[in-house]
Amino acid sequence: MRHGFGRRIGREPESGAVVRSRLPAPPAWMRWLPVLYVVALLVIEPLTPADWPVSFALIAVPLVTAFAHGPFVVAGATVFSVLFEGVLAGTPCCAGRSVGYLWDRHYVASYICTALVGALGTILAAHRIRRERTLADVRFVAEIAQRVLLRPVPHRIGNLRLESLYLSADAEARIGGDLYEAVPTAYGVRLLIGDVRGKGLLAVETAAALLGAFREAAHDEADLPTLAGRVEKSMDRRATQLGGTELGERFVTAVFAEVPADGRVVRVVNCGHPPPVLIRRDEVRELDQGRSAPPLNLGMLVEDPYQVDVYDFLPGDQLLLYTDGITETRDPAGSFYPLLQRLRSWGPLPPRELMEQLHNDLLAYSDNQLQDDTAALTACLLADERAAPARPAGTAGGHVAPE
């Protein structure tokens with residue numbers, strides 16, 4: 001992944017921490033471009049005949065400066081350019097011209113043009129700074145909204161070690177329709193990963209509504225089918241409120257998983273989503289018994305859609321939930337990312353190392369050209385079952401991926 005890609009992996013900043021928005025720093029080569037430009041002219045000037053006034057090219061210095069510097073620097077560059085044009089026009093030792101050239105009409109026109117271009121460059125730089133500050137403020141507000149509404153997943157709940165990963169295909173993205181959540185409840189730790197159909201504001205709002213419904217219902221419903229049904233009712237209600245064609249189009253693929261307090265098993269309800277992957281020392285396999293329900297908001301199409309699949313989940317086992325952005329990642333030749341093959345080749349990895357390895361491998365496989373947002377959540381049952389006390393439910397967080 002190139003450094004501009006949005007990404008989220010590992011520990012989040014403290015929820016109370018506020019990081020002020022800052023203007024993006026331009027590349028070093030762009031900041032030094034005016035100096036390099038003037039140096040190039042100084043090299044060329046002695047090599048050209050006296051009647052070839054290369055110094056006229058100094059007219060462009062203010063605009064070159066405006067690409068990476070503020071209005072005051074551009075104004076200073078304008079004054080420097082006018083004075084330096086005069087030096088090159090009337091200094092025999094430097095340019096081989098007599099002092100009489102200093103006030104030649106061509107050079108006077110050059111001074112005036114440089115001043116005008118400098119004024120325009122100063123205005124351009126001020127406008128650029130203002131736009132960059134506006135963009136930085138908007139991104140800052142998006143970051144704060146994400147931290148307030150979409151809290152990060154805890155790294156330890158009871159006897160589970162958790163890690164999450166998000167990769168955005170858009171460098172400017174902050175919030176999107178990929179989501180994940182982990183909630184400690186009286187029934188065990190309940191996990192959710194989902195992918196909202198579509199993009200944009202509606203997808204973000206739908207993802208936020210789904211997370212809110214899941215966080216509330218996870219504490220109240222005794223089993224996963226009832227939990228999934230209650231979340232779907234919330235999605236149905238939201239689609240009805242939207243009206244129009246959105247009623248039939250706004251749906252979410254999701255996986256609900258539950259690990260009881262004593263571990264040993266994991267229960268899964270799949271709603272049209274890629275199946276989870278179980279990773280243990282001698283085995284990597286998909287947890288798919290072919291009983292996936294329709295995506296949320298389409299469950300009304302079938303009767304009793306939600307089936308619970310139960311699997312052994314022993315100390316040291318790891319459950320990987322992910323969105324289809326991972327398996328649909330393509331290499332330059334167009335081949336899909338072989339997730340299971342990669343997991344088997346890496347062997348068992350701790351959650352954090354697994355997410356980092358997956359992160360780096362996806363970027364290398366796609367040649368830094370991700371086509372879709374991707375999200376993943378992994379939960380590892382600790383070998384030492386003397387679990388640390390679970391965090392209060394209010395500290396458990398979800399995440400909606402930046403779009």
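For residue 369, the amide hydrogen comes within under 5 Å of no other amide hydrogen, counting only partners 5 or more places away or on other chains and with H modelled in the peptide plane.
Annotation: amide H-H contacts under 5 Å for residue 284 (H modelled 1.01 Å from N, sequence separation of 5 or more, or interchain): none. At an R0 of 41 angstrom, the distance between the Cβ atoms of residue 289 and residue 37 translates into a FRET efficiency of 0.05.
Please list 204, 39, 269 from largest to smallest accessible area, probe radius 1.4 Å, with all protein chains kept in place.
Numbers: 204 35, 39 75, 269 0 Å².
Order by accessible area, largest first: 39, 204, 269.
For residue 293, the residues whose modelled amide H falls within less than 5 Å of its own, excluding neighbours fewer than 5 places apart on the same chain, are 270, 271, 272, 307. When 80, 313, 140 are compared by accessible surface with a 1.4 Å probe, the order from highest to lowest is 80, 140, 313.
Rounded, prolate or oblate: which fits the stretch 299-358, taking a ≥ b ≥ c as square roots of the Cα gyration tensor eigenvalues, rounded meaning a/c under 1.5, else prolate when a/b beats b/c?
On the way: a/c = 2.91, a/b = 1.26, b/c = 2.32.
Oblate, since a/c reaches 1.5 and b/c is not below a/b.
Computed on protein heavy atoms with a 1.4 Å probe, the accessible areas place 292, 234 in the order 292, 234, largest first.
Residue 111 exposes around 30 Å² of accessible area when a 1.4 Å probe is run over every protein chain in place. With θ taken as phi - 60° and the Karplus curve 6.51 cos²θ - 1.76 cosθ + 1.60 applied, the whole-hertz 3J(HN,Hα) list for the stretch 280-286 is 9, 4, 10, 7, 9, 8, 7 Hz, x standing for glycine and proline. For the pair residue 136/residue 222, report the inter-label distance in nm, with labels modelled 7 Å from Cα in the Cβ direction. Modelled inter-label distance: 5.7 nm.
The accessible area of residue 216, taken with all protein chains in place and a 1.4 Å probe, comes to roughly 110 Å².
Need the full-extension length gain, residue 340 to residue 241, defined as separation in residues times 0.36 nm minus the C-alpha distance. One decimal, nm. Before the final figure, lay out each step's value.
Working: separation 99, 0.36 × 99 = 35.64 nm, distance 4.01 nm.
Gain on extension, residue 340 to residue 241, equals 31.6 nm.
The values are calculated or read from the model by the stated rules, or taken from the named source; none is laboratory data. It should be emphasised that the depicted structure is a prediction, and the values quoted were computed from it without experimental measurement. For neighbour counting, all protein chains shown are included, and Cβ atoms are generated from backbone atoms with ideal geometry for every residue, glycine included. Remember, those area values only see protein heavy atoms, side chains included, never the ligands or the DNA or RNA. Shrake-Rupley method; radii C 1.70, N 1.55, O 1.52, S 1.80 Å.
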